[in-house]
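A quick write-up on the structure given underneath.
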Amino acid sequence: MNPKTAIVTGANRGIGLEISRQLGQLGVKVIMTARNEEKGEAAYSQLKTEGLDVHFHALDVTNEESIQMLPRDVKEQFGALNILINNAGIFLDDKNSILDIDLDTVRKTMETNVYGPLRLSQLLAPLLKKSEAGRIVNVSSGMGAIEDLGGWDPAYSLSKTALNVLTIQLADALRDSGVMVNSMCPGWVRTDMGGSSAPRSVEEGADTAVWLATGEVGRTGLFFRDRKEISW
Ligand SMILES: NC(=O)c1ccc[n+]([C@@H]2O[C@H](COP(=O)([O-])OP(=O)(O)OC[C@H]3O[C@@H](n4cnc5c(N)ncnc54)[C@H](OP(=O)(O)O)[C@@H]3O)[C@@H](O)[C@H]2O)c1
């Protein structure tokens, strides 16, 4: 059987780099993407020296031209795509009130955390539909869970709640094709975004995304943490 092929966004560091590593260790061919070519190439070289079947493609998830090039290049170079992991994300909030948040902060956060995954899913859906076990995994956050929402970090919360809505919409739109779409929360993870006090390692943070992408989960349109369904 041909190995599965996956795209991971924001693969140059943090959880995206570790998702790429864990997918590679499972025998998946991983197209690691990053907006900064130098950093992306460095991360790719690191996993290559670990003996993994990895490739690099430049991708800024906020740049339409960059997104448009991806499906054509993937089709030409790899022929097929099984997995899309929308991992790239930003956290720009520095004001903890919706009343004085700068709209530009909201716009930038939505561009990266929601519209990027939306455009990638739209443009890669035709390739994923041809795959026998197509999967989209959206790396979301408990800070997007309506059940737990409060008044803090408004731009990030808005974006991750919207990303969860995107998951439900995509799951429904792709249900008949067999492509399964789920959100996951990695927990609070020690990365540049999570900071050094976070209790979880990147290995723990990446695990559920990799399980959703490759395991026999058989469920779509849901939200997971630690391989268990959680509330929206
Ligand atoms: N860490 C946590 O505790 C935590 C908790 C819940 C959810 N998450 C989510 O997990 C995901 C990964 O977070 P992380 O902790 O690994 O964060 P991170 O260390 O800050 O890494 C973020 C990644 O996203 C990339 N990125 C940002 N904007 C991009 C763009 N326009 N195009 C392409 N790539 C872009 C970054 O690239 P550059 O290096 O070029 O900036 C970097 O590779 C995010 O979606 C985040 O919201 C994290």
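Observations on the model:
- Residue order, fewest to most beta carbons within 10 Å, for Phe56, Phe78: Phe78, Phe56
- By other beta-carbon atoms within 10 Å, ranking Trp188, Trp152 with the fewest at the front produces Trp152, Trp188.
- In the chain, the DSSP beta bridges split such that about 10 percent are antiparallel, to the nearest 5.
- Sites Lys130 and Ala58, calculated FRET efficiency, Cβ-Cβ separation with R0 25 Å, nearest 0.05: 0.55
- Under a Gaussian network description of the chain, with springs only between Cα atoms under 10 Å, the residue in Thr49, Thr161, Thr220 that fluctuates furthest is Thr49.
- Sequence ranges 106-116, 59-69, ranked by mean other-Cβ count within 10 angstrom, highest first: 106-116, 59-69
- Distance-filtered residues of segment 209-228 - backbone nitrogen under 20 Å, label point 7 angstrom along Ser201 Cα→Cβ: 209-212, 225-228
- Segment Glu38..Asp102, full-extension length gain: 19.9 nm, with 0.36 nm per residue of separation and the alpha-carbon distance subtracted.
- In order along segment 184-198, phi translates into HN-Hα couplings of 9, 10, x, x, 8, 10, 6, 9, 4, 6, x, x, 7, 7, 4 Hz, rounded to whole numbers, per the Karplus curve 6.51 cos²θ - 1.76 cosθ + 1.60 with θ = phi - 60° and x for Gly and Pro.
- Counting other Cβ atoms within 10 Å as a rough exposure proxy, the listed residues Met184, Met193 run Met193, Met184 from fewest neighbours to most.
- Basic side chains Lys and Arg get +1 at the Cβ, acidic Asp and Glu get -1 at the Cβ, and with that the dipole of segment 22-105 about its Cα centre reaches some 500 debye.
- Against the chain, whose longest principal axis is taken from its Cα atoms, helix 64-78 shows a tilt of about 30°.
- Among the listed pairs Lys39/Lys129; Lys108/Lys130; Lys29/Lys75; Lys108/Lys160; Lys29/Lys130; Lys95/Lys228, those with a Cα-Cα distance over 25 Å are Lys39/Lys129; Lys108/Lys130; Lys95/Lys228.
- Summarising the label geometry, the points placed 7 Å from Cα in the beta-carbon direction at Asp176 and Lys95 lie 4.6 nm from one another.
- When the Gaussian network model of the chain links Cα atoms closer than 10 Å, the mean-square fluctuations of Gly24, Gly14, Gly195 top out at Gly195.
Quick note: the coordinates plus some simple rules give every number you see, no bench work behind them. Predicted, not measured: the structure shown is a model, and the values here were computed from it. Cβ coordinates were reconstructed from backbone atoms using ideal geometry, including for glycine residues, and neighbour counts include every protein chain displayed.
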